[in-house]
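Let me begin by presenting the structure, written as structure tokens, before commenting on it.
The values are calculated or read from the model by the stated rules, or taken from the named source; none is laboratory data. Bear in mind the structure is a predicted one, so any value in this text is a computation, not a measurement. Ideal geometry is used to build each Cβ from the backbone, glycine not excepted, and the neighbour counts take in all protein chains shown.
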Amino acid sequence: SKGSVATRGYSKNGYYFSKSLWFTTSKGKATEIYNMYKDKNASNYGNIEYFTLQGDYIVYKKHDIYSNAKLVLVKTNGKGERVIYSAPSVSGW
């Protein structure tokens with residue numbers, strides 16, 4: 001196993017709000033991949049709704065303050081982040 005991806009966040013009224021995404025190597029070293037609190041364009045009511053580990057890359061979905069949903073590709077070391085798909089949030093994906 002090369003490692004795992006997980007979110008960190010908080011629970012309120014029975015709901016979980018994921019606010020950051022982390023990659024942990026098989027040896028236990030954790031790297032923060034994305035943190036909504038550090039992203040000035042992040043929607044403050046949003047969550048990290050989707051993420052997957054694909055080899056040496058992570059793909060995750062985030063929302064911005066302009067009502068766009070974005071699919072982001074980034075290396076497991078947190079480098080080379082790029083948006084691979086973007087659409088208005090109302091499009092429902």
Answer with yes or no whether residue 21 is free of Cβ contacts under 8 Å to residues at least 24 places away in the same chain, under 10 Å from the mean Cα position of the chain (by Cα) and not in a loop (DSSP other than H, G, I, E, B).
-> no
Would you be able to tell me the number of residues in the stretch 6-18 that are surrounded by 12 or more Cβ atoms within 10 Å (Cβ to Cβ) and either more than 17 Å from the chain's Cα centre (by Cα) or of a type in the set (Gly, Ala, Ser) (or both)?
-> 3
Quick one: what pairs do we get from the stretch 73-89, first residue assigned to a loop (DSSP other than H, G, I, E, B), second polar (S, T, N, Q), C-beta under 6 Å, 6+ apart or different chains?
-> 78/31
Just checking, how many residues over the stretch 45-63 are in contact with a strand residue (DSSP E or B) (Cβ under 9 Å, 6 or more places away or on another chain) and assigned to a loop (DSSP other than H, G, I, E, B)?
-> 7
Are there any pairs, at least 6 apart or on different chains, whose C-beta atoms fall under 7 Å, with the first in the stretch 30-43 and under 15 Å from residue 81 (Cα atoms) and surrounded by fewer than 17 Cβ atoms within 10 Å (Cβ to Cβ) and the second of a type in the set (Ser, Thr, Tyr) and modelled with pLDDT of 95 or more, and if so, which?
-> 32/20; 35/20
Pick from the stretch 55-79 the residues that are under 25 Å from residue 3 (Cβ atoms) and more than 14 Å from the chain's Cα centre (by Cα): which of them is surrounded by the fewest Cβ atoms within 10 Å (Cβ to Cβ)?
-> 55
Hits in the stretch 12-38 (condition: of a type in the set (Ser, Thr, Tyr) and within 24 Å of residue 69 (Cα to Cα)) = 15, 16, 18, 20, 31, 34, 37
Within the stretch 3-15, which residues are part of a strand (DSSP E or B) and either touching a residue at least 24 places away in the same chain (Cβ under 8 Å) or more than 18 Å from residue 44 (Cα to Cα) (or both)?
-> 3, 4, 5, 6, 7, 9
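Residues checked against (1) hydrophobic (A, V, I, L, M, F, W, C); (2) closer than 21 Å to residue 93 by Cβ:
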position	(1), (2)
21	yes, yes
27	no, no
36	yes, yes
55	no, no
61	no, yes
